[in-house]
Amino acid sequence: MKKIITALMAVLLLAGMTAAQAAQGGTGADPLVTRDYLQESFAAPLTKSLREKAEERLQTAYDLAAAPYGGQNAKLTFTQGQERFDLAPGGTLTVAFGGSVTPLSGGIVLTVESGQVIDVRTGTAVSSGTALAAGQRYFSTEDTMAVYTAPSGGALMLDGPYIPGTGLERPDYADVSPGDWYASQARYAREMKLFRDWDKSLFRPLGSITRAEIVYAMWRAAGSPSTDYKAAFPDMKEDWYIPAANWAASLNILRGTGDGKMEPDTVLNRNTIVTMLYRAAQAMGRSTEGRGDLSGFVDAAQVPDWADTEMRWAVANGYIQGTSPVTLEPLGWVDRAQTATLLQRMFA
């Protein structure tokens, strides 16, 4: 409490400064009272503390809400924003304690097992057994267990927690066709949530991968393991990849660049990704035997000494294949389809 009061006093003091004083970076009496000083010394720690407390309360609320349905054993899943679900004929989708549903096709029938489902347009409760109108939004109250059934098949958008039923299928990405060579890899990427935007409608197979994105994808493929290890990279700046970077650094999968930085936004090339895969194999107790012959590739000289063993291993074990019969493209950047393929071969 004393720290919070001190922080508030400091903020009030800063608020009393004139614009000219703030522009000069401090006050005449105390040059340390600057916005940066207060941000680093008070605001940032206070914000972190409040966020942690909020996360604890959110988890407590989740546990209480999930308890009537079997708690964690209910295998509840949450959508991140609205997500489309396709229901095969007779397929069902069970929505638990809250969330909104918008049918995209007619014929989807509601069964209310507990609580209420509200028609957002009218504000009235919807009776069990009602065939829902397409394009209309329905909201489940927090104590609700509602089942949406499509006797003849159909589709709906969901925002909230759910328990998948039989006949439920997630659609492929809009930019992935069943005949694409990476179709199964795209589905794997979605199922494992390898990429931050896994719930969006586009897979973006040719999109590049950064160092932060690859450690995040590897962490997800490994089951999102936790660790108490704290990586020492000074340029780790985004919360979304920090748990993954800590995990990867703890296993020596992720190492700093020449100046000891992580360089999270640097785009990955094939030399780098094979070294990370090799280290992951070592950390997981997988075989690192086998050395391929690179002499048949005209660009083999682009493989540096620090990646030579790893590249030969990746080629011998089929993790990396040539971009043509005579080119390996060691310096070429790695796209999302290739990343999903590599991680599927390594972790699936």
Under a crude label model (7 Å from the Cα following the beta-carbon direction), how far is E142 from S226 in nanometres? 2.4 nm
Just need the relative contact order of the stretch 183-347 here, percent rounded to a whole number, with Cα pairs under 8 Å and 6+ apart. 28 percent
Separation of the stretch 89-120 and the stretch 235-282 by C-alpha centroid, Å? 43 Å
Evaluate the distance, in nm, between pseudo-label points positioned 7 Å from the Cα of D197 and of V326 along their respective Cα→Cβ axes. 3.7 nm
Approximate spin-label separation A348-E55, in nm, with each point projected 7 Å along Cα-to-Cβ: 3.1 nm
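Output the peptides 47-53, 216-222, 280-286, 112-118 sorted from most to least packed, where packing is the average of other Cβ atoms within 10 Å over each peptide's residues. Provide the component values of the computation, followed by the final result.
Values: 47-53: 10.7, 216-222: 23.1, 280-286: 14.7, 112-118: 16.6.
Taking the mean over residues of other Cβ atoms within 10 Å, the ranking is 216-222, 112-118, 280-286, 47-53.
Residue separation times 0.36 nm, minus the C-alpha to C-alpha distance between S287 and V267: what's the value? It would help to have the intermediate numbers written out before the result.
On the way: separation 20, 0.36 × 20 = 7.20 nm, distance 2.76 nm.
Difference between extended and current length: 4.4 nm.
Relative to the present Cα-Cα distance, how much length would full extension add between F78 and D239 at 0.36 nm per residue of separation? Display every interim value, and only then the final one.
Working: separation 161, 0.36 × 161 = 57.96 nm, distance 1.98 nm.
Between F78 and D239, full extension yields an extra 56.0 nm.
Throughout, read-outs are computed from the coordinates displayed, never taken from laboratory work. Predicted model, so just to flag it, every value in this text is computed and none were measured. Reconstructed Cβ throughout: ideal geometry from the backbone, glycine too, with neighbour counts over all protein chains shown.
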